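Data block below; observations after.
Every number here is computed from the coordinates shown, using simple stated rules; none is lab data. Just so it is clear, the structure is predicted and the values come from calculations on it, not from any experiment. Here the Cβ positions follow ideal geometry from the backbone for every residue, glycine too, while neighbour counts run over all protein chains shown.
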Amino acid sequence: MKYEEQYKIIKELVDHGGNKKRVVLILGISVRRLNRRINQYRSKGKAAFVHGNTGRLPVNV
């Protein structure tokens, strides 16, 4: 799963330090987006990586 992979990699980066540019290349996102994800991880934890519509039924069903 895409978000699970992002969570693991960003958790490792925040907890143990590392190279942001290398993480950007692995995840295929921008440095700005990575910084936003790091801030979300610090404020919400794993819940920041779950999409807001998860578990909802589509409106047009």
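Placing unit charges on the Cβ atoms only, positive for Lys and Arg and negative for Asp and Glu, gives the chain a dipole magnitude near 240 debye about its Cα centre. Note that the chain carries a Kirkwood radius of 12.5 Å, evaluated over its alpha carbons pair by pair. Neighbours of ALA47 by Cβ distance under 14 Å: Lys/Arg scored +1, Asp/Glu scored -1, total +4.
With 0.36 nm allotted per residue and the present C-alpha distance subtracted, the LYS2-LEU27 stretch has 8.1 nm of extension available. Backbone phi angles across the stretch 27-43, fed through the Karplus curve with coefficients 6.51, -1.76 and 1.60 (θ = phi - 60°), yield HN-Hα couplings of 7, x, 10, 7, 5, 4, 5, 4, 4, 5, 5, 5, 5, 5, 4, 5, 8 Hz in residue order; Gly and Pro are listed as x.
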